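Data block below; observations after.
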Amino acid sequence: MKILVTGGLGFIGSHTVVELQNEGFEVVIIDNLSNSSIEVLDGIEAITRKRPLFEKMDLRDKPKVQEFFKKHPDVEGVIHFAASKAVGESVEKPLLYYENNLGVLVYLLQELTQKNKANFIFSSSCTVYGQADTLPITEDAPVKPAESPYGNTKQIGEEIIRDTCAISPQLAAIALRYFNPIGAHPTVELGELPLGVPQNLVPFITQTGVGLREQLSVFGDDYPTEDGTCIRDYIHVVDVAKAHVVALQRLLQGKNESNYEVFNLGTGKGSSVLEVIHSFERVSGEKLNYQVVDRRPGDVIQAYADTTKANEVLGWKAASTLDDSMKSAWDWELKVRR
Ligand code: WQD
């Protein structure tokens, strides 16, 4: 069965391609290589011994998207990762984000709704909740006004899919709201490859640990939390990848309760920035050089998932601990920097 993975050479996309191939799916990847590299294909093949089909394409080119679906009428499902995802950049380039994250989504849905049956998995984010009033966060927590165009594209993207599914019974979709994916594949053949200075905590920690960065800046320790630093739900990228396969199989087997469903992907455990730093120090045996600086605008204080629906309805549960994830991230950093 052929599955299209857009953005399949990216961090979460590539790990999901591995899990799809492990389950026997035939995978075709579309990626424009704007935030990934072609060598990731070698990493996938090194793990699964199967090289996925790959088409370099910018999905903003609507005729090319139409041509792809004519060439691959046997695509039974689409997992859509391809999107711009840097919160800060989205504030400076909103139209790029609305075109790339929403225009492309419309083109894909226009193709899928022409098929007799289509299954669609959407890469969403806990960012849609903003600072939730109640923790842990359930899927029916109110969606808060987005703090960035990036977050807005996730909210609007979910609404576009919901409205399309409402009038397209032939389309079944699941939106997966990721908390904070971190780590790397245990074979050290795949991992996070942030371009330039990492915006996210864990790659900045590992790059500091390996000497690529001088010092980690901790963005504020005066928050109303136990140790004063922000709390997030850090989940191993392989756990996130496996959830995508479970969600796709749910749709392929017709187990979905409606043709548009939403699930949180988290561990259910919140960890503070300092706890993540201490986890790194435990698994690496290295002391991390960091200093506390001012808060980063836009940061929410706490976000961690209520995993009940994902565990009991979707039938998926995260398996890795924070230390497992940090160890895999560190092993990957050591390999990439050798
Ligand atoms: C985590 C914590 C920072 C860097 C973002 C997006 C979200 C998703 C994941 C795409 C925060 C602190 C960070 C640093 C620090 N992206 N931090 N020093 O902000 O929770 O989520 O990335 O889907 O949509 O919003 O992740 O890793 O940037 O930050 O102290 O150098 O680490 O303040 O408390 P975040 P993050």
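The values are calculated or read from the model by the stated rules, or taken from the named source; none is laboratory data. Please read these numbers as outputs of a predicted model, since none were measured by experiment. Virtual Cβ from ideal backbone geometry, glycine too; neighbours counted across all protein chains shown. When the accessible area is computed, the model is the full protein with side chains, heavy atoms only, and any ligands, DNA or RNA have been set aside. Shrake-Rupley method; radii C 1.70, N 1.55, O 1.52, S 1.80 Å.
Averaged per residue, what accessible surface does the chain expose to a 1.4 Å probe, in Å²?
44 Å²
Binned at 5 Å from 0, what are the whole-percent values of the Cα-Cα distance distribution for the stretch 194-330, short to long?
Using 5 Å bins, I get a P(r) of 2, 9, 17, 18, 17, 14, 9, 7, 4, 2, 0 for the stretch 194-330.
Let me have the 222 nm mean residue ellipticity of the chain computed from DSSP H runs of 4+ only, each contributing -39500 (n - 2.57), with the sum over all residues rounded to the nearest 500.
Calculated mean residue ellipticity at 222 nm is -11000 deg cm²/dmol.
Considering only DSSP beta bridges where both residues belong to the chain, give the percentage that are antiparallel (nearest 5).
Around 5 percent antiparallel, to the nearest 5.
Rounding to the nearest 10 and keeping the result within 0 to 90°, find how far the Cα-based axis of helix 62-71 lies from the longest principal axis of the chain.
Helix 62-71 sits roughly 60 degrees off the main axis of the chain.
Counting Lys and Arg as +1 and Asp and Glu as -1, what is the net charge of the other residues whose Cβ lies under 14 Å from the Cβ of VAL197?
So the surrounding residues net to -1.
Using amide H atoms built 1.01 Å from N in the peptide plane, name the residues 5+ places from ILE137, or on other chains, whose amide H lies under 5 Å from its own.
For ILE137, whose amide H was placed from the backbone, the distant partners under 5 Å are TYR304, ALA305, ASP306.
Quick check: at a probe of 1.4 Å, how many percent of the accessible area of the chain sits on carbon and sulfur atoms?
50 percent
What number, in nm² with one decimal, is the all-direction average of the projected area of the convex hull of the alpha-carbon atoms of the chain?
Taking a quarter of the hull surface, the average projection is 15.8 nm².
Any idea what the relative contact order of the stretch 1-65 is, in percent, if you count C-alpha pairs under 8 Å spaced at least 6 apart?
33 percent
Only four residue types carry charge here, +1 at the Cβ of Lys and Arg and -1 at the Cβ of Asp and Glu. Report the dipole size of the chain about the Cα centre in Debye, rounded to the nearest 20.
Here the size comes out at about 840 debye.
Below 8 Å between Cα atoms, with a sequence gap of 6+, how large is the relative contact order for the stretch 82-205 in percent?
30 percent
Given H placed 1.01 Å from N in the peptide plane, which residues other than close sequence neighbours of VAL262 have an amide H under 5 Å from its amide H?
Result for VAL262 returns ALA175.
Among the listed pairs LYS154/LYS269; LYS144/LYS317; LYS144/LYS287; LYS62/LYS317; LYS154/LYS327; LYS71/LYS93, which have their C-alpha atoms separated by more than 28 angstrom in this model?
Flagged as over cut-off: LYS144/LYS287; LYS62/LYS317; LYS154/LYS327; LYS71/LYS93.
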